[in-house]
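The values are calculated or read from the model by the stated rules, or taken from the named source; none is laboratory data. Quantities reported herein were computed from a predicted structural model and do not represent experimental measurements. When we count neighbours, we look across all protein chains shown, and the Cβ atoms used for this are built from the backbone with ideal geometry, even at glycine.
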Amino acid sequence: MVNALIVYGTRLGATASTSEEIARILREEGLEVRLVDAKKEKVKDIAGYDLIVVGSGIAMGKWTSEPEDFLKRFRGELAGKKVALFVSCGNAAPSPTAKPEEVAEARKKYLDDKAAQYDLHPVALGFFGGAYDYNNMPWWASMFMNAAKKDLIASGAKETKPGLYDTRDWDAIRAWARDLAAKARSG
């Protein structure tokens, strides 16, 4: 049995639900999965895990601090593990105003550069959209995001409940998780 650990950091919940879906798919694929919200629980040891998945929301161009701390703390041990990184990020969502080079630069910054920073060679990198909950944003964020709401709607973001716009492609997330399970099971 392949043992997987998913450690994530979230600000407003999108990365939590993305992590839960990844965990669900990995379990469906036969992996034993432990899911950890790094803000609520500190992982003490990663020795018993074959696959480590680390995910973060992106806000103001940065990873959340808790998964970043996890990468720092286990940097040496992660080098000998199968590792996957993912982010929930507005830049990953389709948008009529997004320039392909900006999307590519965001992916590089949030995933490739993050892996290089910790000398990691991930088996998978996931670049997923996020969710914008206008009901739970700090006032300063909602002021900024209100200006972008028209583009958000034009990009096809679904208002899944009043004030909540989801830009994630759930089928792509599930496919990524299935592929990740196959990589975790391979020698």
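Below are the figures for this structure:
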item	result
Residue satisfying all of: in segment 46-59; touching a helix residue (DSSP H, G or I) at 6+ places or on another chain (Cβ under 9 Å) and assigned to a loop (DSSP other than H, G, I, E, B); farthest from Ile173 (Cα to Cα) among these	Ala47
Selection count, segment 122-153, where residues are in contact with a helix residue (DSSP H, G or I) (Cβ under 7 Å, 6 or more places away or on another chain) and either outside any strand (DSSP E or B) or aliphatic (A, V, I, L, M) (or both)	9
Matching residues in segment 106-121 - criterion: being assigned to a helix (DSSP H, G or I) and among the acidic types (Asp, Glu)	Asp112, Asp113
Residues within segment 29-66 that are more than 23 Å from Gly129 (Cα to Cα) and free of Cβ contacts under 8 Å to residues at least 24 places away in the same chain, tallied	5
Residues located in segment 156-183, provided they are β-branched (Val, Ile, Thr) and surrounded by 13 or more Cβ atoms within 10 Å (Cβ to Cβ)	Thr167, Ile173
Count of segment 60-82 residues which are surrounded by fewer than 16 Cβ atoms within 10 Å (Cβ to Cβ) and either in a strand (DSSP E or B) or among the hydroxyl-bearing types (Ser, Thr, Tyr) (or both)	2
Boolean, Asn146 is within 13 Å of the chain's Cα centre (by Cα) and modelled with pLDDT under 75	no
Residue count for segment 3-38, restricted to those that are in a loop (DSSP other than H, G, I, E, B), at pLDDT 95 or above and out of contact with any Phe, Trp or Tyr (no Cβ under 9 Å at 6 or more places or on another chain)	3
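Every residue, every condition in (1) over 27 Å from Ala84 (Cα atoms); (2) touching a Leu at 6+ places or on another chain (Cβ under 6 Å); (3) of a type in the set (Phe, Trp, Tyr), yes or no:
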residue: Ala104; (1), (2), (3): no, no, no
residue: Tyr110; (1), (2), (3): no, no, yes
residue: Tyr118; (1), (2), (3): no, yes, yes
residue: Gly129; (1), (2), (3): no, no, no
residue: Asp133; (1), (2), (3): no, yes, no
residue: Ser142; (1), (2), (3): yes, no, no
residue: Glu159; (1), (2), (3): yes, no, no
